[in-house]
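Engineer: To start, I am sharing the structure in question, which I have written as structure tokens.
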Amino acid sequence: MSSSRSTAAEPAKKGLFGRRRKAKDPNKGPGRVAQMRQVFTMTRKADPASVWWMLLAALAVLVVAVLVGIWIDQVVYMLIIGLPLAILAAVIILGRRAERAAFAQIEGQPGAASAVLGQLRRGWFYEQEPVAAEAGGQMRGMRDLHNAAMVFRAVGRPGVVLIAEGPRGSAQRLATAERKRVTRVVGEEVPVHTITIGKGEEDTTLRKVVPTMKKLPKKLSNDEALVVQQRLKALAGKNRPPIPKGIDPTRAPRMSRKALRGR
């Protein structure tokens, strides 16, 4: 008993200059430097050439700074300016390469469309679970998940956007059927767009899904988009599609926003 009391009454450790050290919060995430280290490690494993591109970008900035310094006879001054710019150039290259690595990790996986939709910002509403999917009876196990066709839905100012993934034929059939169902619910005046994920000429690659959605013409106001989302969500429980056996859409791979921003 006495030992436990003495431990509880023990004062907090003091650092330099008599200041008390703050206790580390176990629930707090990694710091900025730790995040950069994680992004760099992930990118280097997926794309070993990224290190050389970062060094090349930093070296190019330093060379330009030295040349400008020689021209104006202020080499040291330009090096002081060029060093942080070289680091910034390397970080920009890291961000772009990290984006590619993040997309490469989830491309082709079931539910990849749901992970990409997580990049959408204000003004967009999306469902994490597919609104249309192949019947579970068509699948035998986890090995068949990559053959499952699914359709995800997002609602924004451009209207309703259906994102289809999986085998092209099955995905297009599901998207066509879902488009008809959505039109019956929201009316002909609400635009319904369809995006098919793939590498064909008429398909959209995974990394271009969100940019493509943002470029669509805006036909609705924010309030109208909210009303459309509420109408569709009200029918979600009644018309919930059969989810392919062995897949949990709520645990679909998530895109790292910090990795995409390079931090």
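The values are calculated or read from the model by the stated rules, or taken from the named source; none is laboratory data. Since the structure is predicted, the reported quantities are computational estimates derived from the model, not experimental observations. For neighbour counting, all protein chains shown are included, and Cβ atoms are generated from backbone atoms with ideal geometry for every residue, glycine included.
Engineer: Go through the stretch 203-216 and give me each residue that's in contact with a Gly (Cβ under 9 Å, 6 or more places away or on another chain) and under 17 Å from Pro191 (Cα atoms).
Structural biologist: Passing the criteria: Met213, Lys214, Leu216.
Engineer: So Gly200 passes all but one of these: (1) touching a Gly at 6+ places or on another chain (Cβ under 8 Å); (2) of a type in the set (Gly, Ala, Ser); (3) not in a helix (DSSP H, G or I). Which condition number does it fail?
Structural biologist: Going through (1) touching a Gly at 6+ places or on another chain (Cβ under 8 Å); (2) of a type in the set (Gly, Ala, Ser); (3) not in a helix (DSSP H, G or I) one by one, Gly200 breaks only (1).
Engineer: Ok, one more. In the stretch 84-129, how many residues are modelled with pLDDT of 80 or more, part of a helix (DSSP H, G or I) and among the basic types (Lys, Arg)?
Structural biologist: Number satisfying all stated conditions: 2.
Engineer: Oh, and also: Can you find a residue in the stretch 180-194 that is surrounded by 16 or more Cβ atoms within 10 Å (Cβ to Cβ), within 25 Å of the chain's Cα centre (by Cα), part of a helix (DSSP H, G or I) and of a type outside the set (Asp, Glu)?
Structural biologist: no
Engineer: Residues in the stretch 209-232 that are assigned to a helix (DSSP H, G or I) and touching a strand residue (DSSP E or B) at 6+ places or on another chain (Cβ under 8 Å): how many?
Structural biologist: The number of residues fulfilling the criteria is 8.
Engineer: Among what's in the stretch 45-63 and is of a type outside the set (A, V, I, L, M, F, W, C) and farther than 12 Å from Leu94 by Cβ, pick the residue that is modelled with the highest pLDDT.
Structural biologist: Pro48
Engineer: When you check Glu134 against the structure, is it in contact with a strand residue (DSSP E or B) (Cβ under 8 Å, 6 or more places away or on another chain), modelled with pLDDT of 80 or more and more than 16 Å from Thr204 (Cα to Cα), yes or no?
Structural biologist: Taking the combined requirement at face value, the residue does not satisfy it.
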